[in-house]
Structure formats: C-alpha cells, structure tokens
1. Just the accessible area per residue of the chain, please: how many Å² with a 1.4 Å probe?
2. Just add up the charged neighbours of Glu119: K/R +1, D/E -1, any other residue whose Cβ is under 14 Å from the Cβ of Glu119.
3. Run the 1.4 Å probe and let me know the accessible area of Asp24, rounded to the nearest 10 Å².
4. Express the carbon and sulfur contribution to the solvent-accessible surface of the chain as a percent, rounded to the nearest whole number, probe 1.4 angstrom.
5. GNM on the chain, C-alpha springs below 10 Å: top fluctuator among Asp111, Asp77, Asp206?
6. Given springs between every Cα pair under 10 Å in a Gaussian network model of the chain, which of Phe136, Phe16, Phe93 has the largest fluctuation?
7. I want the local charge near Glu216. Using Cβ-Cβ distances under 14 Å, sum +1 for each Lys or Arg and -1 for each Asp or Glu among the other residues.
8. I want the local charge near Thr45. Using Cβ-Cβ distances under 11 Å, sum +1 for each Lys or Arg and -1 for each Asp or Glu among the other residues.
Amino acid sequence: MALISWHEAIDRLNPFIFRISTPDGSGTGWLVSQSNATPLCVIATAGHVIAHAHYWEEPIRLTHHSSGETSLLRAGDRAINIDHNSDTAAITFDRGAIVLPEAPLPLIELDYHLKPGVEIGWLGFPAIPGANLCFFSGRTSAYLQETNSYLVDGVAINGVSGGPAFQQIDDKPELIGVVSAYIPNMATGTVLPGVAVVRDVNRFHDFANRLRTLDEAQAQQSAPKESPPPPTPETPTRA
C-alpha cells in the first residue's frame with residue numbers, strides 16, 4: 001500500500017491536536033488515549049509545558065484545534081502525570097462536550113524505535129503572533145537509549161513543545177514521539193543549527209484504560225515539582 005502524503009497525514013492528525021495555554025506560556029498536546037468505559041481521555045504533551053501550572057495549581061486551557069472548543073481545567077478538573085526525566089506529561093480529564101475521534105491514532109509498537117535516516121514530521125503551535133498549527137519535518141539522526149529520545153535533523157521552536165512526531169505508515173500516520181526541545185550548535189561561540197529532541201511514546205500505551213474515574217487518576221498523579229531553571233547555552237532549549 002502506498003504511503004499517504006504529508007498533507008494527508010496532517011489532515012488525519014488535525015482532530016487529535018490541542019493548543020495548551022497556561023498563565024505563563026503555551027504549548028501543544030494531542031489525544032493519545034481515551035477510556036472505552038468512561039468519558040476520560042488523555043492528552044500527551046511535554047512535561048515542561050504544564051509543570052509550572054501543576055506546581056501552582058493554575059488553570060490549564062485546552063483548545064481543540066479542529067472544532068475550536070475549549071476546556072478550562074482547574075486543579076480539581078484534571079489529573080497530571082509528569083515524567084520529568086523524559087520531559088513527557090499526560091493530562092487526564094473528562095472530555096465533556098468536546099467531540100473527539102472514536103479511537104486515537106496508533107502509537108509505534110511498544111519498545112520499538114526508528115533507525116537513523118527515517119523521515120518524520122511533527123506539528124505544533126509556534127509562539128509567533130498570528131501563527132496557527134504548523135508542520136515541520138526532518139530525519140532521525142540517532143536514538144538515545146538512555147533517555148528514550150530521538151535526535152532529529154530539524155527545528156523545534158517555542159510553542160511546538162508537546163506536539164506529536166509521526167511517520168507515515170500505509171494509509172495513516174503512526175505516532176512515534178513528543179517534541180521536547182532544541183539543541184543548538186554552540187561549538188563556535190555563536191548559535192548555529194542543531195537538532196530537535198523528540199521523546200518516545202512508550203509510557204503512553206493504553207494510558208486511559210488503566211483508570212476508571214477522575215478521582216482514581218488524581219490519586220495517581222505526579223507530586224507537584226518546581227519547574228526546571230531556564231536553559232543555558234550548554235543545555236537544550238525548551239521548544
């Protein structure tokens with residue numbers, strides 16, 4: 001079966017994408033899982049996008065890209081699960097009136113990762129005035145086993161953090177990771193093009209169906225933790 005085009009893949013992904021807004025910033029998220037038995041659904045994003053709001057119990061606004069419907073989640077309306085080591089996060093909430101696809105798109109097989117040289121795409125809302133959902137692409141440069149992440153020959157800028165990274169498989173896109181950061185080349189003392197960091201999706205497999213109620217999800221949520229300090233030239237730049 002022939003691969004779908006990038007624009008067809010984007011069309012398939014649009015109903016799954018959310019803009020995430022907090023009092024101190026913005027990012028991107030995407031529907032990764034939803035319960036078969038309850039209204040609960042799970043949005044995947046980068047941990048640093050929502051860490052500050054989780055720590056201070058600030059509201060998080062989710063805007064569904066394709067419908068424009070919004071949901072303002074206060075601390076009691078959501079469960080947050082952050083893995084700070086991998087900079088990935090899950091937001092569990094009752095989807096309410098937001099109409100979502102019946103089933104999330106497939107994730108790459110558990111514990112499988114792409115080889116170097118595979119072309120992938122990613123989507124996100126760059127923090128640029130007037131910018132809507134944008135598409136980016138590049139090739140996997142390496143997979144870092146110790147951090148469960150890809151280095152990708154491509155760009156990631158502020159606001160795109162948390163966006164879905166995907167490859168084209170037959171007639172549908174397959175989700176392979178979460179956009180996390182950008183590492184510029186500082187070897188010469190000036191900022192030169194570097195690589196994007198994409199975290200893999202192992203921890204998101206069948207996330208929502210492990211939970212029966214929001215109370216149960218909240219009982220298992222991550223303990224609030226201070227956001228990491230701003231990056232220095234020697235550390236990755238958060239996207």
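1. Per-residue value: 47 Å².
2. Spelling it out: positives minus negatives among the neighbours equals 0.
3. Here the accessible area works out near 90 Å².
4. Carbon and sulfur together cover 52 percent of it.
5. Asp111
6. Phe136
7. Around Glu216, the surrounding residues sum to +1.
8. Its environment carries a net charge of +1.
The values are calculated or read from the model by the stated rules, or taken from the named source; none is laboratory data. The structure presented is a predicted model; accordingly, all values stated were derived computationally and were not measured. When we count neighbours, we look across all protein chains shown, and the Cβ atoms used for this are built from the backbone with ideal geometry, even at glycine. Note: areas computed on protein heavy atoms with side chains; ligands, DNA, RNA excluded. Shrake-Rupley method; radii C 1.70, N 1.55, O 1.52, S 1.80 Å.
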